[in-house]
Amino acid sequence: MRRDALRLSITLLSVLPAVGRSREAASSPPAKDAANAAPVSSPGRETAGEAMAWAPVVGLLLGVIAAAVLYVSGHLLHTGSLVAATLSVGSLAVLTRALHLDGLADLADGLGSRRPAADALDIMRRSDIGPFGVVTLVLTLLLQVAGLTQAVAAGRGPAAVIVATVTGRLALTWACRQGVPAARADGLGALVAGTLPPVVPALITAAVLAVTIGGIYLAAAVAAVPVEWILPVAEAAGLLVALALARHAVRRLGGVTGDVLGALVETAAAACLVVTAIS
């Protein structure tokens, strides 16, 4: 996969600087669709698809930063697990410009309206947020913070937040596979929908699970900690929840949009953190 696709993935999914961009690309502001940013000079679908294949790598970068915030807050500043978990989840919102949370709220408003697809998509385009969006945002963030707090208490906090951020972005890779249409003719959904052969997300998922399993055995050997089998189980659970939401969104809206993709990230992460809280 090309390096340009990795830079595009970083640009689309985070506020992290994409090293190696041209001066013109770095200085040009992004345009927004309903939930995610896409460059004004839109890249080709092939490059955009490869960017979605790189999404779990971006998730790993974000997860490491969020884990560092968690560790510094809890172990060095002694803020307590609840405050540390809140700061960690909050750092992810800052690092992603809260775009995924915005997409989650918009999708909740659209689906909650129970209107036909065209009307639901129009609701999702609006800049305001309705009651369905507010309730969904609050509950999702509470689940993420509470799940991470309990994972910290179980001694797996940093690993849990990294696994959750990677799984959330892995859900994007699956949502962009061939056979999943775009709900609109414009926006990020139209740019990335159906760009990846199904074998690509399958192989990336296998790699993510292999790295996770290898990591827990390495940690057990080096640090003499228990083998945390709950982590790959959490990845699988988060991905399954996201795939179920994606299927429902496609059935109701006719395809995916930038809002749907953002909602998948947050939903998968929340489900993943809830499972990691299991002792």
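Filtered by the rule that a residue be charged (D, E, K, R) and within 14 Å of Glu266 (Cα to Cα), segment 129-179 gives a lone residue, Arg169. May I ask you to verify whether Ala105 is at pLDDT 95 or above, more than 30 Å from Val225 (Cβ to Cβ), surrounded by 16 or more Cβ atoms within 10 Å (Cβ to Cβ) and in contact with a Leu (Cβ under 8 Å, 6 or more places away or on another chain)? So Ala105 passes the test.
How many residues does segment 234-278 contain that are among the β-branched types (Val, Ile, Thr) and not in a helix (DSSP H, G or I)? Of the residues in segment 234-278, 3 are among the β-branched types (Val, Ile, Thr) and not in a helix (DSSP H, G or I). Among the criteria (1) closer than 28 Å to Ala68 by Cα; (2) in contact (Cβ under 8 Å) with a residue 40 or more places away in the chain, the one Arg125 does not fulfil is (1). Criterion applied to Val166, Val180 was being outside any helix (DSSP H, G or I) and touching a residue at least 24 places away in the same chain (Cβ under 8 Å), and the one residue passing it is Val180. All of Leu82, Leu95, Leu87, Leu76 fail the test of being surrounded by fewer than 24 Cβ atoms within 10 Å (Cβ to Cβ), of a type in the set (A, V, I, L, M), in contact with a Ser or Thr (Cβ under 6 Å, 6 or more places away or on another chain) and more than 16 Å from Ala164 (Cβ to Cβ), apart from Leu82. For beta carbons closer than 9 Å, sequence separation of 6+ or different chains, a first residue in segment 73-92 that is within 13 Å of Pro158 (Cβ to Cβ) and a second that is small (Gly, Ala, Ser) and not in a helix (DSSP H, G or I), the qualifying pairs are Ser73/Gly80; Gly74/Gly80. Go through the residues of segment 131-138 one by one and say whether even a single one is touching a helix residue (DSSP H, G or I) at 6+ places or on another chain (Cβ under 6 Å), surrounded by fewer than 22 Cβ atoms within 10 Å (Cβ to Cβ) and in contact (Cβ under 8 Å) with a residue 12 or more places away in the chain. Yes, there is a match, as at least one residue in segment 131-138 is touching a helix residue (DSSP H, G or I) at 6+ places or on another chain (Cβ under 6 Å), surrounded by fewer than 22 Cβ atoms within 10 Å (Cβ to Cβ) and in contact (Cβ under 8 Å) with a residue 12 or more places away in the chain.
Within segment 198-208, is even one residue modelled with pLDDT under 95, under 20 Å from Ala5 (Cβ atoms) and not β-branched (Val, Ile, Thr)? Let's see the steps before the verdict.
Step one: filter segment 198-208 for residues modelled with pLDDT under 95, giving none.
Scanning segment 198-208 turns up no residue that is modelled with pLDDT under 95, under 20 Å from Ala5 (Cβ atoms) and not β-branched (Val, Ile, Thr).
None of Ile216, Ile278 is surrounded by fewer than 22 Cβ atoms within 10 Å (Cβ to Cβ), of a type in the set (Val, Ile, Thr), farther than 17 Å from Leu170 by Cβ and in contact with a Leu (Cβ under 8 Å, 6 or more places away or on another chain) except Ile216. All of (1) modelled with pLDDT of 95 or more; (2) crowded, with 22+ Cβ neighbours inside 10 Å; (3) not β-branched (Val, Ile, Thr) hold for Arg177 with one exception: (2).
Report yes if Ala207 is closer than 24 Å to Thr267 by Cβ and touching a residue at least 24 places away in the same chain (Cβ under 8 Å), otherwise no. Judged against the criteria, Ala207 is not a match. Considering (1) closer than 21 Å to Ala154 by Cα; (2) at pLDDT below 95, the lone condition that Arg45 does not fulfil carries the number (1).
Please determine whether any residue of segment 252-264 is more than 20 Å from Ala53 (Cα to Cα), without any contact (Cβ under 8 Å) to a residue 60 or more places away in the chain, surrounded by fewer than 21 Cβ atoms within 10 Å (Cβ to Cβ) and in contact with a helix residue (DSSP H, G or I) (Cβ under 7 Å, 6 or more places away or on another chain). Taking every residue of segment 252-264 in turn, none turns out to be more than 20 Å from Ala53 (Cα to Cα), without any contact (Cβ under 8 Å) to a residue 60 or more places away in the chain, surrounded by fewer than 21 Cβ atoms within 10 Å (Cβ to Cβ) and in contact with a helix residue (DSSP H, G or I) (Cβ under 7 Å, 6 or more places away or on another chain). The single residue among Ala146, Ala190 that is part of a helix (DSSP H, G or I), surrounded by fewer than 20 Cβ atoms within 10 Å (Cβ to Cβ) and among the small types (Gly, Ala, Ser) turns out to be Ala146. A residue that is assigned to a helix (DSSP H, G or I), at pLDDT 95 or above and closer than 15 Å to Gly189 by Cα occurs somewhere in segment 11-25.
So, Ala118, is that one buried (at least 24 other Cβ atoms within 10 Å of the Cβ) and in a helix (DSSP H, G or I) or not?
Details: buried (at least 24 other Cβ atoms within 10 Å of the Cβ): no; in a helix (DSSP H, G or I): yes.
So Ala118 fails the test.
The values are calculated or read from the model by the stated rules, or taken from the named source; none is laboratory data. Nothing here was measured: the structure is a model prediction, and the numbers come from that model. No Cβ is skipped: glycine too gets one built from the backbone with ideal geometry, and neighbour counts run over all protein chains shown.
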